[in-house]
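Okay, so here's the structure we're looking at.
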Amino acid sequence: MRKRSLFAAGLAAVASLSIAASAFAFSGITNGSFENGTFAGGSWNTLHPGSTNIDGWTIESGSVDWTGSYWPASDGVLSIDLSGSEPGAISQALATTIGNTYTVTFDLSGNPACGPALKTMTVAATGASTEAFSYDISVAGNTLADMKWTNRSYSFVATTTATTLTFTSTTAGSCGPAIDNVVVTETVPTPEPPPASEAVTLADCKDDGWVLVVDGGGNHFKNQGDCVSYVASNERNSGAVAP
Ligand SMILES: [Ca+2]
């Protein structure tokens, strides 16, 4: 049985608050609404690999249409058709913390100007599973005047400090899935809640029990003797192995 005092539970709560506060260190995605950069105006700008026109984003392959007045964006005035002249892919590298969970939300529609009706795409993050998304314009009934944007979500656990997030069209032709309003939020793992509080007894220290118990500060003991000493000293000789 794992035991610790109420005092330890209080300390743990303070510790978890300070860990949660570190979430603010994540700066999120840059230009997730595709509003910033060098837009040449008009209905759309077709961009190819090498283009640095869209702040924060890299064109990975094929081409995408950075779309302006052609249709209303879901957020702001600019959005992306992931199939420009052909299926394209765009990406952005994020500074991530290994083990933290990142939730990517984005708005999805489909270019209704030409087929296929079913617009398909994938979202991928370095070291995580690729997920497929689709938007069927024949079901949604969207038009260039009313794109009927929908909100979608993808999440991953970071396995590296530099995660590349990639949106890829898998729709042939020049009328692909349309995306806008990409938002990435970070969730820091919650530490295990402290077990029920109860004072450590001599019996707890015996028969390798010292391995399982902790002192009032959440510290483990180096050996059975330290555990016994903790009990015998009325919890003054605390454990020496930090939680
Ligand atoms: Ca936008």
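Computed from the coordinates by the stated procedures, all read-outs in this text should not be read as laboratory data. Quick caveat, the model's predicted, so the values are computed rather than measured. FYI the Cβ positions are ideal-geometry reconstructions off the backbone, even for glycines, and counts take in every protein chain you see.
Set the Förster radius R0 to 30 Å, insert the Cβ-Cβ distance between E198 and N100 as r into 1/(1 + (r/R0)^6), and round the FRET efficiency to 0.05.
Efficiency computed from Cβ-Cβ geometry: 0.40.
For K148, go through the aspartates and glutamates and keep the ones whose alpha-carbon is under 14 Å away, minus same-chain ones fewer than eight residues off.
Reachable aspartates and glutamates: D75, D107, D136, D180.
Can you give me the angle between helix 6-21 and the longest principal axis of the chain, using Cα atoms only, in degrees from 0 to 90, rounded to the nearest 10?
Here the helix axis deviates by roughly 20 degrees.
What are the extents of the Cα atoms of the stretch 73-195 along their three principal axes, in Å, largest first?
Here the Cα extents, ordered largest to smallest, are 57, 25, 24 Å.
With +1 on each Lys and Arg Cβ and -1 on each Asp and Glu Cβ, how big is the dipole of the chain about its Cα centre, in debye rounded to the nearest 20?
Taking the Cα centre of the chain as origin, the dipole is about 480 debye.
Can you tally the net charge around E35? Count Lys and Arg as +1, Asp and Glu as -1, for every other residue whose Cβ sits under 10 Å from the Cβ of E35.
Once positives and negatives cancel, what remains is -3.
Lys/Arg Cβ at +1, Asp/Glu Cβ at -1, dipole of the chain taken about the Cα centre: which of Y70, T46, I179 is farthest positive-ward?
Farthest towards the positive pole: I179.
Stokes-Einstein diffusion coefficient for the stretch 147-233 at 4 °C in a medium of 1.567 mPa s, Rh from the Kirkwood formula over Cα pairs: what value in µm²/s?
For these conditions, the coefficient is 69 µm²/s.
Step by step: find N for the chain, compute 2.2 N^0.38 Å, then divide the Cα radius of gyration by it. What's the final number?
Ratio of Rg to 2.2 N^0.38 Å for the chain: 1.49.
Would you mind getting me the FRET efficiency between L118 and T161? Use the beta-carbon distance for r and R0 = 30 Å, nearest 0.05.
Calculated transfer efficiency: 0.25.
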